[in-house]
Amino acid sequence: MQDARLRIFSIFLLSFSAFTSITGAGLVFIWWLFFSEREKSIPSVRIFLGFFFLTSAVAFFMEIRGFNGLFYFCKMIVILLVACWAFSHITSKDLLNFMTWMFGQKYGFELGLISAIALNKIKLTSEDYSRAKIAYSIKKTKIRWYDYISVLGNIFIWSLRDASQQGKILALRGYTFGGSMQPSFEKSKNDIIPAFLAITIFLFSFSTLVTYL
């Protein structure tokens, strides 16, 4: 999907649909298979498998306690797939444009700036973690489980320092609140079908939820 507005709206609609019912989760999974460029939607297979096994463990214990662990497992895995697709296909520019378009030059720009900085930090954190692994491999040292604590701790400290420095830079440049920009979006006729189906799945899931309540 080329239009960032449709991508972001689809993410919210599909996440809600997957959360409401097992049928909704199944429909969202089919949508993901056809429209997510699935071979490019999972940024890290290892991290995805980590969340997969964690979700499996929680679902298993829910079943033991008498809750519907299978339903939880299915909807959370589908939501995780949607989240991976969002992380791979949403950029900081998309968030800034979307928020400014949605909420205006004042509050929208502020929300977009915060969202863009947060997304950049998350992606930079992933890159820093990859660099740390490369450093360990160069030293021909195997990463032990307690090494992850120090690596992630250092990355967290660096992120806080960078955030503080960015705040000071914005203040020195005279930034106070809001901004002025003209949002621009790439458009494609190919966006119509996936966006329409995302809306249809959402309406079906919402009507099912209302009927159930």
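The values are calculated or read from the model by the stated rules, or taken from the named source; none is laboratory data. No experiment lies behind these values; they were computed from the predicted model shown. Note that we place each Cβ from the backbone using ideal geometry, even for glycine, and neighbour counts take in every protein chain shown. For accessibility, only protein heavy atoms count, side chains too; no ligands or nucleic acids. Shrake-Rupley method; radii C 1.70, N 1.55, O 1.52, S 1.80 Å.
With each pseudo-label sitting 7 Å past Cα toward Cβ, what's the Met181-Ser137 distance in nm, one decimal?
Using points 7 Å along Cα→Cβ, the separation is 3.5 nm.
Which percent of the accessible heavy-atom area of the stretch 1-128 goes to carbon and sulfur, probe 1.4 angstrom?
72 percent
Order Ser56, Ser17, most accessible first, counting only protein heavy atoms with a 1.4 angstrom probe.
Working: Ser56 35, Ser17 0 Å².
Ranked list, largest accessible area first: Ser56, Ser17.
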